[in-house]
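Peer 1: One structure, as structure tokens, below. Some questions next.
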Amino acid sequence: MRIKALIRRICEQLLRDKRTLALLFLAPLLVLSLMHYLFNHTGNASDAKIGVVGFSPQWASVLKQQGLDIVTYETANRDTLIQDKLDAIIEIQEGQLHLILGNSDPSQSKALQMKIGQAADALTGAVQQEGGVPSAKPELTVEYVYGSADTTFFDTLSPILIGFFVFFFVFLISGIGLLRERTTGTLERLMSTPVRRGEVITGYLAGYGIFAFLQTVIVVLYATLVLGMNMAGSIWYVLLTNLLLAFVALSLGILLSTFAASEFQMVQFIPLVIIPQIFFAGIFPLEHMATWVRVIARIMPLYYGADALKSVMYKGLGFADIVVDLSVLVLFAALFIVLNIVALKKYRKL
């Protein structure tokens, strides 16, 4: 009977907690749907946009038969690839194929190189079948804009992981920390004094921010100096980006903690707020996704942080190339701070 009463009490408690029920039944469906869509719509070599220089109509036809999107240029180089957001450029030089790969996605680059090799085989075979002069397969030389032939998927993933871990742990610790201040009555006692809401938020941001700063420095230095993760750009820009990410996570964690009544409810925000950001942070190439997917990605702070980190650590770009991403992170932080001040009205009207 006592076991039955305990089971009944737990069931009644869960049925009264609508947020927990939603997390239990709806959150897995949301995450599973995101994974299903992204894994089944990830860009491949057939989605690549290729620039061609000096190609005959026959060559262009063979490439199109491989499912490649072809754009013809009279002249093209590495700058053309970057400016026109191409995945590769193919040029015929003295009977040889010269391939310039952006290599933003090493897996796609390897598949693309394979397709171009197959196209060269197909063209050589077609000439021989038509009774033409037997010709050898054109030699293929490859040049990489980012990375090298030895670049792996983890080289492009590691900057995203650094940003994610900084964002996740700062979010969790700051949210639970302020929640504990509320549940123990510290925040209520503080709000009964003449201190203003803006001062409260500033104090909490500065206090937790010190430890967020230390965590960020430790994570970045460990990843680059101990684990030897790729660092093509300046480590100072990596530190700056991660500090802004940590500040956004700090202000967001404090904001969401005002809507949680317990640490368990704070943890419930993870599959709703944190996990979706992983999928839109660049782990899956978003360039060839549907428009609505790209729109959702651009309302997530981690998208901009990961883009800046990848630009610096993997591509070796400078401050001018990441200033937009950093500016958006500052705007996110400012927005969350304002919302934090507004949220404190529930504890005291000034």
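Peer 1: Relative contact order for the range 240-350: what percent, with Cα pairs under 8 Å and sequence separation of 6 or more? Please report the intermediate quantities before stating the final value.
Peer 2: Numbers: 81 pairs, mean separation 42.8, N = 111.
Relative contact order of the range 240-350: 39 percent.
Peer 1: Could I ask something else about it? How many lysine pairs are close in the chain, with Cα atoms under 23 Å apart and the two 8 or more places apart or on different chains?
Peer 2: Number of lysine pairs found: 20.
Peer 1: Let me ask something else about it. P(r) for the range 288-327: what percent of alpha-carbon pairs falls in each 10 Å bin, starting at zero?
Peer 2: 29, 46, 24
Peer 1: Note the angle between two axes, namely the Cα long axis of helix 235-257 and the longest principal axis of the Cα atoms of the chain, as a number of degrees from 0 to 90, rounded to the nearest 10.
Peer 2: 40 degrees
Peer 1: Once you keep just the Cα pairs under 8 angstrom separated by 6 or more residues, what percentage relative contact order results for the range 158-286?
Peer 2: Values: 94 pairs, mean separation 62.1, N = 129.
Worked out over the range 158-286, it gives 48 percent.
Peer 1: Averaged per residue, what accessible surface does the range 168-242 expose to a 1.4 Å probe, in Å²? Provide the component values of the computation, followed by the final result.
Peer 2: Details: 4000 Å² over 75 residues.
For the range 168-242, the per-residue accessible area is 53 Å².
Peer 1: Counting only the heavy atoms of the protein chains, how much of K64 is accessible to a 1.4 Å probe, in Å² to the nearest 10?
Peer 2: 130 Å²
Peer 1: Could you sort R298, R196, R182, R16 by accessible area so the largest value comes first, with the probe set to 1.4 Å? Don't skip to the answer; put the middle values down first.
Peer 2: Details: R298 110, R196 145, R182 40, R16 165 Å².
From most exposed to least exposed: R16, R196, R298, R182.
Peer 1: Ignoring any ligand, DNA or RNA, what whole percent of the accessible area of the chain comes from carbon and sulfur when the probe is 1.4 angstrom?
Peer 2: On the way: 11800 of 18410 Å².
Looking at the chain in its full context, I get 64 percent from C and S.
Peer 1: Oh, and also: Quick check: residue separation of K64 and K18 times 0.36 nm, minus the Cα distance between them. What number comes out in nm? Could you put the intermediate results ahead of the total?
Peer 2: Numbers: separation 46, 0.36 × 46 = 16.56 nm, distance 5.37 nm.
Length gained, K64 through K18: 11.2 nm.
Peer 1: Here's something else I'd like to know. With everything on Cα atoms, drop me the angle between helix 27-40 and the longest principal axis of the chain, reported from 0 to 90° to the nearest 10.
Peer 2: 10 degrees
Peer 1: To the nearest 10 degrees, how steep is helix 106-129 against the longest Cα principal axis of the chain, on a 0 to 90 scale?
Peer 2: Helix 106-129 and the main axis of the chain meet at about 20 degrees.
Peer 1: Quick one: order W292, W59 from most to least accessible surface, probe 1.4 Å. Don't jump to the answer; show the numbers that get you there.
Peer 2: On the way: W292 130, W59 25 Å².
These residues rank, largest area first, as W292, W59.
Peer 1: Ignoring ligands and nucleic acids, what accessible area does S234 show with a 1.4 Å probe (Å², nearest 10)?
Peer 2: We get 40 Å² for S234.
Peer 1: Continuing with the same structure: Expressed in nm², what is the orientationally averaged projection area of the convex hull enclosing the Cα positions of the chain?
Peer 2: The number I arrive at for the chain is 24.5 nm².
Peer 1: Same structure again: With the contact rule set at Cα under 8 Å and sequence spacing of 6 or more, what percent relative contact order holds for the chain?
Peer 2: That works out to 19 percent.
The values are calculated or read from the model by the stated rules, or taken from the named source; none is laboratory data. Because the structure is a prediction, the values reported are computed rather than measured. Quick note on the areas: whole protein, heavy atoms, side chains included, nothing else; ligands and nucleic acids left out. Shrake-Rupley method; radii C 1.70, N 1.55, O 1.52, S 1.80 Å.
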